[in-house]
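Notes to accompany the following structure.
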Amino acid sequence: MKLIIGFLGLCLTSLVSNAQLKLPAGFKAVTVLSDFGSVRHIAVAPNGVVFIHLGRLKDGKGIYRLQDTNGDGKPDKIFAFGDFPGTGMAIRDGYLYASSDEEVFRYKLDADANVVNPGHPERIVTGLLARGEHQPKAITLDYSGNLYVNIGAYSNACQIDDRQKGSPGRMPCPILDSAGGIWQFRADVPNQTYGNDHDHRYATGLRNVVGLDWNRQTNSLFVMQHGRDQLSYLYPQYWNDKQSAELPAECMYELHKGSDCGYPYIFYDQFQHKQVLGPEYGGDGKKEPSEHYQDPILAFPGHLAPDGLLFYTGDQFPAKYKNGAFIAFHGSWNRAPEPQEGFYVVFAPFENGKPTGKWEIFADNFAGGPDKMSPSKAEHRPCGLAQGPDGSIYVTDDNRNGGVWKISYHK
Amino acid sequence: MKYLLLSFALAFGFMSLTSKPAAPAQSGIKASITRGKQVYLQQCLACHQVDASGVPNMNPPLIKTKQVLGDKTALIKIVLNGLKGVDIDGDSYNGVMAPHPDLTDREIADVLTYVRNSFGNKASAVTAAQVKVVRAAN
């Protein structure tokens with residue numbers, strides 16, 4: 001009996017502390033930054049210095065370097081630079097990479113992760129399309145000198161008239177020429193852009209990707225796609241609001257050069273376990289496409305908006321987390337009038353480079369309660385993920401007054 | 001000549017509509033709000049949300065904004081022509097709103113009257129006649 005009471009006590013403690021987050025037993029969250037700004041993606045240097053990119057400038061700057069010199073978990077040395085807001089933030093081989101909505105820059109870091117020349121970054125990629133819809137350019141790098149950039153489709157489903165009832169899909173979809181996929185650039189060559197003959201296009205048929213990460217175990221790129229919106233609004237004859245809240249799946253893909261995941265012609269129905277033809281291209285929710293595209297390796301419920309992906313390579317967390325994927329789900333808006341969902345970080349275990357399929361919610365309650373599960377009411381919306389040198393992970397919040405948490409495991 | 005007569009007749013029709021006494025117009029607003037709610041549920045809610053609070057960075061809120069409470073002509077045009085990219089109180093919204101020319105004058109008047117008198121908003125009604133004029137000049 002005592003044991004049960006003790007266990008309940010432990011559970012309660014983990015519910016009320018942790019800076020409002022609900023975490024599995026043994027995990028603890030501390031607030032690194034709060035009420036700071038719209039923190040999009042995050043990168044941590046080998047010495048533990050944290051870099052964050054803001055979706056809107058704060059005091060005229062878009063990138064903040066955070067250093068905790070006295071070990072209390074809070075940054076006491078903060079340095080702001082970069083006059084562009086944006087999403088992408090990554091560190092590789094002594095450089096910090098940062099993206100605006102049209103370009104990718106890099107800053108040389110010294111051995112202490114100081115920014116060598118904060119006023120003069122090297123421009124690595126330029127001239128990328130940003131047409132309002134899905135314009136953030138999320139980035140990651142491999143370990144062979146390549147940079148991967150998401151260029152989101154500036155459309156919901158490539159209709160002639162975007163999001164308009166009855167407007168058919170364009171065939172072939174011209175957006176795919178310069179968006180709706182992942183582009184690959186050299187990490188150290190200045191001023192690259194689209195080029196000819198899709199020579200930089202790595203993968204296509206992806207509507208929009210914000211969470212992406214290089215998996216060191218499989219040595220391949222993994223991405224989380226934001227699936228299409230508004231099935232029941234545009235096609236009430238095929239889907240009701242309840243179905244439309246869950247469909248299509250938010251998909252994880254393992255990409256290789258030349259991957260085609262089928263957007264906008266198909267979407268993945270996680271209940272029928274198959275690709276179905278998009279309604280703008282003659283689909284009715286059951287018809288399959290004549291051409292088969294790459295299948296996802298994991299399918300999550302619809303509209304949760306995966307904005308961060310991180311493969312865990314640390315040793316701090318229990319063994320089951322090693323090489324598994326953390327996914328930050330920003331939270332849905334396109335489930336209305338059904339209740340919204342998301343606003344949590346999920347863990348998807350992997351074995352031998354493949355997901356087991358048994359994903360679970362890892363960090364919950366970013367919204368701050370069931371009555372706040374909506375994009376405008378949520379207190380926090382998880383966005384970026386990164387791993388620190390000690391094996392802790394960081395989660396960002398891109399609400400206007402967002403911040404950063406650090407989640408650690410203590411036996 | 002026929003058209004001239006017709007436009008006179010139409011103009012007269014408008015005048016007689018707008019010069020009706022206030023009391024029936026009041027009950028007219030109530031009926032308009034009731035009908036407008038149904039239009040909102042079908043056409044607007046998916047993006048602007050159940051409580052009209054919108055989606056940060058994407059779909060604008062419809063609560064006490066100058067677009068909702070202000071110039072009716074501009075507001076009617078948003079429904080007729082759609083909208084992409086708008087700044088409200090320093091926040092930018094990038095969501096794409098499709099045009100809704102398929103809605104009738106009555107439906108547009110009703111839904112705008114509903115929105116202007118719900119979610120904490122309080123503003124005068126939009127009439128079908130006003131929508132008709134804006135649509136004709138659009």
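The values are calculated or read from the model by the stated rules, or taken from the named source; none is laboratory data. As the structure is a prediction and not an experimental result, all values here were calculated from the model. Cβ atoms come from the backbone with ideal geometry, glycine included; neighbour counts cover every protein chain shown. Ligands, DNA and RNA are excluded from the accessible area calculation, which covers all protein heavy atoms including side chains. Shrake-Rupley method; radii C 1.70, N 1.55, O 1.52, S 1.80 Å.
Just how large is the dipole of segment B:27-137 about the Cα centre, in debye to the nearest 20, putting +1 at every Lys and Arg Cβ and -1 at every Asp and Glu Cβ?
So the magnitude is around 360 debye.
Provide the buried accessible surface between chains A and B in square angstrom, both chains summed, 1.4 Å probe, rounded to the nearest 100.
Details: alone 17210 and 8560 Å², together 24000 Å².
So the buried area, both faces added, is about 1800 Å².
Which positions within segment A:141-186 get 10 Å² or more of their accessible surface covered by the other protein chains, compared to the chain by itself, with a 1.4 angstrom probe?
A:ASP162, A:ARG163, A:GLN164, A:LYS165
Quick one: ranking B:ASP87, B:ASP110 by accessible area, 1.4 Å probe, largest first, what do you get?
On the way: B:ASP87 105, B:ASP110 5 Å².
Ranking B:ASP87, B:ASP110 by accessible area, largest first, yields B:ASP87, B:ASP110.
Only helical DSSP H runs with n ≥ 4 go in: add -39500 (n - 2.57) per run for chain A, normalise by residue count and round the 222 nm mean residue ellipticity to 500 deg cm²/dmol. Please report the intermediate quantities before stating the final value.
Details: 3 runs with 25 residues, N = 411.
Helices in chain A give a 222 nm mean residue ellipticity of -1500 deg cm²/dmol.
Averaged per residue, what accessible surface does segment A:68-215 expose to a 1.4 Å probe, in Å²? Spell out each step's value before the answer.
Details: 5760 Å² over 148 residues.
Normalised by residue count, the accessible surface of segment A:68-215 is 39 Å².
Give me Rg/Rg_expected for the protein assembly as shown, where Rg uses Cα atoms only and Rg_expected = 2.2 N^0.38 Å with N residues. Don't skip to the end; give the middle numbers.
Details: Rg = 25.4 Å, N = 549, 2.2 N^0.38 = 24.2 Å.
It is 1.05.
First measure r as the distance between the Cβ atoms of B:VAL86 and A:HIS410, then evaluate 1/(1 + (r/R0)^6) with R0 = 51 Å and state the FRET efficiency to the nearest 0.05. List each step's numbers first, then the result.
Details: r = 47 Å, r/R0 = 0.93.
That gives a FRET efficiency of 0.60.
Over all directions, what mean area does the Cα convex hull of segment A:273-328 project, stated in square nanometres?
Computed as one quarter of the Cα hull surface, the answer is 5.6 nm².
At 7 Å along Cα-to-Cβ for each site, give me the label-to-label distance between A:ASP59 and A:ALA80 in nm.
0.5
Might you work out the accessible area of A:MET171 for me, using a 1.4 Å probe with all protein chains in place, and round it to the nearest 10 Å²?
140
Which percent of the accessible heavy-atom area of chain A goes to carbon and sulfur, probe 1.4 angstrom?
Carbon and sulfur: 51 percent of the exposed surface of chain A.
Can you tell me the mean projection area, over all orientations, of the convex hull of segment A:192-337's alpha carbons? Units nm², please.
Spelled out: convex hull of the Cα atoms, projected over all directions, averaged, 10.7 nm².
Any chance you could look up the accessible area of A:ARG400 with a 1.4 Å probe, heavy atoms only, rounded to 10 Å²?
Result for A:ARG400: roughly 130 Å² accessible.
With each label point set 7 Å from Cα along the Cα-Cβ vector, what nm distance links B:LYS30 and A:LYS354?
Once both label points are built, they end up 6.6 nm from each other.
Of B:CYS44, A:CYS251, which has the most accessible area with a 1.4 Å probe, and how do the rest follow in descending order? Show your work: numbers first, answer last.
Numbers: B:CYS44 25, A:CYS251 0 Å².
Reading off the accessible areas and sorting them downward yields B:CYS44, A:CYS251.
Pairs of alpha-carbon atoms within less than 8 angstrom and 6+ residues apart define the contacts here; what relative contact order does segment B:27-137 have, in percent?
Here the relative contact order equals 31 percent.
With every protein chain in place, what's the accessible area of A:PHE27 (1.4 Å probe, Å², nearest 10)?
10
Heavy atoms only, probe 1.4 Å: what % of the accessible area of segment B:27-137 goes to carbon and sulfur, would you let me know?
Numbers: 2970 of 5050 Å².
Roughly 59 percent, rounded to a whole number.
What pairs in A:LYS137/A:LYS320; A:LYS77/A:LYS411; B:LYS30/B:LYS122; A:LYS242/B:LYS64; B:LYS72/B:LYS122; A:LYS165/B:LYS84 have C-alpha atoms more than 23 Å from each other?
Correct reply: A:LYS137/A:LYS320; A:LYS77/A:LYS411; A:LYS242/B:LYS64.
Can you tell me the length gained on complete extension of the stretch A:GLN217 to A:LYS287, counting 0.36 nm per residue apart and subtracting the Cα distance?
Gain on stretching A:GLN217 to A:LYS287: 21.5 nm.
Per-residue mean of other chain beta-carbon atoms within 10 angstrom of the beta-carbon, peptide B:43-51?
Averaged over the peptide's residues, the number is 5.
What order, most packed first, do the peptides A:332-338, A:278-284, A:261-267 have when packing is the mean number of other Cβ atoms within 10 Å of each residue?
The packing order, highest mean first, is A:261-267, A:332-338, A:278-284.
Please give, to one decimal in nm, the separation of the simple spin-label points placed at B:ASN138 and A:ASP199, each 7 Å out from Cα toward the Cβ.
Placing both labels 7 Å beyond Cα along the Cβ direction yields 4.8 nm.
Compute log10 of I(q)/I(0) for segment A:77-128 with the Debye formula, placing one identical point scatterer on every Cα and leaving out solvent, at q = 0.24, 0.31 Å⁻¹, to two decimals.
Log10 of I(q)/I(0), two decimals: -0.95, -1.40.
Just add up the charged neighbours of A:PRO121: K/R +1, D/E -1, any other residue whose Cβ is under 12 Å from the Cβ of A:PRO121.
Its environment carries a net charge of 0.
With a cut-off of 15 Å, note down the residues of segment A:88-105 whose backbone N falls inside the zone around a label point 7 Å from the Cα of A:THR126 toward its beta carbon.
It comes to A:100-105, nothing else.
Probe radius 1.4 Å, ligands and nucleic acids left out: which of B:THR113, B:THR34, A:THR218 has the largest accessible area, and how do the rest follow?
In descending accessible area the options line up as B:THR34, A:THR218, B:THR113.
With just the Cα atoms of segment A:272-374, tell me how far they stretch along each of the three principal axes, in Å, largest first.
So the extents along the principal axes, rounded to whole Å, are 50, 40, 18.
Give me D for segment B:27-137 in µm² s⁻¹, whole number, from Stokes-Einstein with Rh from the Kirkwood sum over alpha-carbon pairs, 37 °C and 0.692 mPa s.
238
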